[in-house]
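S.K.: Below you'll find the structure I mean.
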Ligand SMILES: Cc1cc2nc3c(=O)[nH]c(=O)nc-3n(C[C@H](O)[C@H](O)[C@H](O)COP(=O)(O)OP(=O)(O)OC[C@H]3O[C@@H](n4cnc5c(N)ncnc54)[C@H](O)[C@@H]3O)c2cc1C
């Protein structure tokens, strides 16, 4: 994935909810640069989620119906520990 | 270098609730309307609103817009303009029902009408008892509102420019507004959006404080831009705070935690609320708790390496109770404070939530300076000060503000555009050049200051010197300090000079807006030597002549901060409603 794409994902990690901003901050700084193209594509799809759903999935308040997004959601959650 | 110009009837900066509501009005009237947003519209900060939107529909029990008006005036501690408040409360049922027709999935009663619940400060019969006035869509009211309005805008052919950042206003030599200079984030290319009418709906600036519930995007761009263009900012000393946000993060810890037995402690482990409120202790009202926390921090009994927060202790509670009665709190604490509250107390601090002040407008959404509308310039939503919230906003009145003033500014713009000459006038390039020069300065800065450090210095200064409870000496020092921080902001340097989605450049430009808001807030707060609504000072105490420290004789007036020379002047509060009698001054007590 090219630099343009990566930088776009960094900007799109700015969300409408503070809780998401905070959880993505560390992930973007520490994990994003290490992802391969396939994982980056997954992250891009996760960023398309509506903010409220995204937060509920991260917090385990709701189960993400899309199986394909689950591994990336778990990685974002993992980056908080 | 010639800057390309795009031409529209109307340009709207901001795609939150206010911007989208205004855009809809304009597009449905057949006008060519551009909406610029830093982020995808439905990720605007309006998405965070859960509680609801107020309207005296009276679906569950009798209600009346006049009662809603009374509550809003009282909530504002009489600083709100009564013409605008009457307008908003009368329009509320119309705009809410309209939103329902746009497809907003409101919660419903069994008879199909919109379900309404009670919310703090909303009462029936002129302050008698709580009334159910808040309309919500589950806990996703803001989200649902954005979706309904966005879909409808797409249908009406509103042109969206997503991931565009407005940089500066363009005014002609007579001060008439001609549009904005904006940057496309993907390329860093700069364009002018020229229009007959320009609306700012850029939301709030809660990020001036170290602890804020606002998302990172709330950097007060519209306020910074307006200030640089010579528009004063109104009532910027008034900010609403919540007593317990996670220190350093801002995420709210619900007040239910204290209800379940949570105890606030200082660095010595002392349960300090016993000294401030011997009876209610940790369950005292929000302002009492916030004030006590700040006093502890100020007197050197704060916790942590910077002694800048206190602790909320629930370690004595049964873990079962924590898990069952306070779901989510443990997770929030572990995630955002890095502590398990079953084992260690949570660091907390009063946290900024909402900005009452803003760009001065009337209830038609026209920006008003020196008693006259600025031709071609409008503002609505949290960025604007109509002023309906005065010194203190009532919950759920802000989403209402977006709908009412989004719509009314849209209508004003339609009238203005229809009356304007068909062809756009010649563009005043001086403002465009100034804006480009500002970006060039940043790109070429050498040996400059670091953006993150400057922002942190600003946020610490605002939090310590101009937070929820204010001290005379701290405010005076705060003015000096924030002017020092301003010098840092003037020389920020970015290492990454690349063009594509350069987040570092965007953040540096946002900081140039934040600092204007920070100065306006600190300087306005320092000057206002009374306590009113959310502005509470230690040297304006509660006395029989001045209940709650409010000084109507000297301070029943709106502050106007001018960027040029940090000058302050004042204008009277409009005490004359449109059709009813003045809601007379009274002590605000609940
Ligand atoms: C956690 C939380 C909960 C809340 N709950 C409620 C509630 O229940 N009820 C209630 O009434 N109020 C509530 N509020 C307050 C309310 O949500 C906000 O006041 C309101 O949503 C602000 O809407 P807005 O349209 O003015 O701005 P926003 O929704 O903040 O939108 C601003 C828009 O401007 C754009 N923008 C900003 N700067 C630029 C620029 N330079 N260039 C281009 N675009 C730009 C952004 O991209 C965005 O689209 C809550 C606030 C918070 C923080």
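FYI, it's all coordinate maths here, none of it is from the lab. Just so we're clear, the structure is a prediction, and the values are computed from it rather than from any experiment. In this analysis, Cβ positions are derived from the backbone assuming ideal geometry, glycine residues included, and neighbour counts consider all displayed protein chains.
S.K.: Take peptides B:108-114, A:18-24 and line them up by average Cβ neighbours within 10 Å, highest first, as a rough protection proxy.
M.R.: A:18-24, B:108-114
S.K.: How crowded by other chains is B:499-510, given as the mean number of beta carbons from other chains within 10 Å of each beta carbon?
M.R.: Partner-chain Cβ atoms within 10 Å, mean over residues of B:499-510: 3.
S.K.: Another one. At residue B:324 and residue B:498, where each label point lies 7 Å from the Cα along Cα→Cβ, what is the point-to-point distance in nanometres?
M.R.: Here the modelled spin labels are 5.4 nm apart.
S.K.: I would also like to ask the following. In whole Å, what is the distance between the alpha-carbon centres of the stretch B:362-406 and the stretch B:484-521?
M.R.: Here the answer is 27 Å between Cα centres.
S.K.: Next up: So for the stretch B:243-350, averaging the separation of alpha carbon pairs under 8 Å that are six or more residues apart and normalising by length, what relative contact order in percent results?
M.R.: Values: 170 pairs, mean separation 36.5, N = 108.
Over the stretch B:243-350, the number comes to 34 percent.
S.K.: Also: What percent antiparallel are the DSSP beta bridges of chain B, to the nearest 5?
M.R.: Antiparallel: roughly 65 percent of the beta bridges in chain B.
S.K.: Antiparallel as a % of all DSSP beta bridges within the protein assembly as shown, to the nearest 5?
M.R.: 65 percent
S.K.: Going out from 0 in 5 Å bins, what whole percent of all Cα-Cα distances in chain A drops into each bin?
M.R.: 3, 15, 31, 29, 17, 5, 1
S.K.: Something else: Please compute, for peptide B:348-359, the average count of beta-carbon atoms on other protein chains lying within 10 Å of each residue's beta-carbon. Please list the in-between numbers first.
M.R.: Numbers: counts 0, 0, 0, 0, 0, 0, 0, 0, 0, 0, 0, 0.
Partner Cβ neighbours, averaged per residue: 0.
S.K.: Let me ask you something else. Taking neighbour Cβ counts within 10 Å as the exposure measure, how do B:188, B:212 sort from fewest upward?
M.R.: On the way: B:188 18, B:212 26.
In order of increasing Cβ crowding within 10 Å: B:188, B:212.
S.K.: On to the next question. Measuring from centroid to centroid over Cα atoms, what is the spacing of the stretch B:539-581 and the stretch B:1-53 in Å?
M.R.: Using only Cα atoms to place each centre, the spacing works out to 33 Å.
S.K.: Got a sec? How would A:58, A:49 order by Cβ neighbour count within 10 Å, fewest to most?
M.R.: So the residues, fewest neighbours to most, are A:49, A:58.
S.K.: Could I ask something else about it? Quantify how strongly other chains surround peptide A:9-15 by giving the mean number of their Cβ atoms within 10 Å of each of its Cβ atoms. Before the final figure, lay out the partial values.
M.R.: Values: counts 1, 4, 10, 5, 2, 9, 9.
Partner Cβ neighbours, averaged per residue: 6.
S.K.: Going by the alpha-carbon gyration tensor, a ≥ b ≥ c the square roots of its eigenvalues, is the stretch B:439-574 rounded (a/c under 1.5) or, if a/c is not under 1.5, prolate (a/b greater than b/c) versus oblate?
M.R.: Judged from the Cα gyration tensor, the stretch B:439-574 comes out prolate (a/c at least 1.5, a/b above b/c).
S.K.: Could I ask something else about it? If a/c stays under 1.5 just call it rounded; otherwise compare a/b with b/c (prolate if a/b is bigger, oblate if not). Do that for the stretch B:329-470, with a ≥ b ≥ c from the square roots of the Cα gyration tensor eigenvalues.
M.R.: The shape class here is oblate.
S.K.: Still on this model: Given 25 °C and 0.890 mPa s, how large is the Stokes-Einstein diffusion coefficient of the protein assembly as shown in µm²/s, with Rh as the Kirkwood radius over Cα pairs? Could the numbers behind the result be given before it?
M.R.: Details: Rh = 25.4 Å.
Here the translational diffusion coefficient equals 97 µm²/s.
S.K.: With labels modelled as points extended 7 Å from the Cα through the Cβ direction, what inter-label distance (nm, one decimal) is found for residue B:452 paired with residue B:419?
M.R.: Going from the residue B:452 label point to the residue B:419 one covers 5.2 nm.
S.K.: Using a 10 Å cut-off around each Cβ, can you sort B:234, B:564 from fewest to most neighbouring Cβ atoms?
M.R.: Arranged by neighbour count, lowest to highest, B:234, B:564 become B:564, B:234.
S.K.: What is the distance in Å between the Cα centres of the stretch B:74-123 and the stretch A:1-45?
M.R.: A separation of 38 Å, based on Cα centres.
S.K.: I've got another one for you. Taking square-rooted eigenvalues a ≥ b ≥ c of the alpha carbon gyration tensor, is the stretch B:243-350 rounded, prolate or oblate, where a/c under 1.5 means rounded and, failing that, a/b exceeding b/c means prolate? Don't skip to the end; give the middle numbers.
M.R.: Details: a/c = 1.71, a/b = 1.26, b/c = 1.36.
Judged from the Cα gyration tensor, the stretch B:243-350 comes out oblate (a/c at least 1.5, b/c at or above a/b).
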